[in-house]
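Heads up, the thing below is written out as structure tokens.
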Amino acid sequence: MDWSLLGCGHHGHVTYAPAEPSVRKRLCAQTPEGEAWRCLRCDTYVSGPPMASGPAAQAPSVRRGQELRSAFILRVFAVERFVRGLVAGAVAYFVWRFAYSRESIEQAFNRERPILRDLFRQFGYNIDNSKLFGSIQHALTLSPTAIKLLATGLALYTVIEMTEAVGLWLYRRWGEYFAMVATSLGLPYEIYDLVQQVTAPRAIFFAVNLALVLYLVITKRLFGVRGGKHAYEARLRSESIMAAAIEAAAAEEPIPAAAPTPGDPATAQPTEPAARTTPA
């Protein structure tokens, strides 16, 4: 899949006319229909005037190829983090409300428990053996302080997940570091849960978190991996059409000759010999 063409198909071409003639000629071509300019994303010539113009150094930064694919993957992770944050936030809200409505909820639960037990027994299921039913019963025995601490922890987890989502969605370097560190801190606990009991949700969450950590470290070269930030930025420059045009123009510019220094023997001009005079 050509991600550059896909990006242009979705967002449109990006053309730019540099002010420097030596760079400008490498991005412009004459066609029977008139001028055509190279797209800085998909590297195809687009007929018509450029979208913008100015110094080459001020050209817009355009993601191409691997960077477009990487941006798509990061946004998938960002959506997953956002969904986690929403779920955690909703649970935190209900747990907090439970701390102030515990008595009424407990009375309603005790009132409806026999009805639910008889209903599920008709289907051959004993809810007394249900983990969800046991968790609800355990929650009703927690103290108000414990419930508030649980709600606070869930709220903090919501903030972390939302921060990860925003940083990844905006392709910020700090967001990549934050997501990598925050996710790594939870991996030991997830491994412990899997050792205790392997379930599908636990395995899926662990696989997603591990994939995010490895992807960020390897592809974004965090913490100096594969050359670190300098190597990552060098790869971006090597894939930039504008950067390549600037380097090609600089390589072809003639080197100005040094001005001659007065009195320098290497640059002194030969003089005509003095005319001989013969005696009369």
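Some values worked out for this structure:
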read-out	value
Set Gly228, Gly263: member being small (Gly, Ala, Ser) and either under 30 Å from Ala165 (Cα atoms) or at pLDDT 90 or above (or both)	Gly228
Any hit, the stretch 199-222, residues being modelled with pLDDT of 90 or more and on the phi > 0 side of the Ramachandran plot	yes
Qualifying position, being of a type in the set (Gly, Ala, Ser) and under 12 Å from the mean Cα position of the chain (by Cα), among Ala203, Ala211, Ala155, Ala179	Ala179
Pairs where the first residue, in the stretch 144-158, is outside the structural domain of Arg97 (by TED's automatic domain parsing) and part of a helix (DSSP H, G or I) and the second is of a type in the set (Phe, Trp, Tyr) and crowded, with 17+ Cβ neighbours inside 10 Å, C-beta under 8 Å, 6+ apart	none
Residue match in the stretch 64-82 (condition: assigned to a loop (DSSP other than H, G, I, E, B) and either within 29 Å of Val213 (Cβ to Cβ) or at pLDDT 90 or above (or both))	yes
Top-ranked residue of the stretch 11-24 - restricted to ones that are at pLDDT 90 or above, surrounded by fewer than 18 Cβ atoms within 10 Å (Cβ to Cβ) and out of contact with any helix residue (DSSP H, G or I) (no Cβ under 8 Å at 6 or more places or on another chain), ranked as farthest from Ala245 (Cα to Cα)	Gly12
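The values are calculated or read from the model by the stated rules, or taken from the named source; none is laboratory data. Values in this document were obtained by computation on a predicted structure and should not be read as measured data. We place every Cβ from the backbone using ideal geometry, glycine too, and count neighbours over all the protein chains shown.
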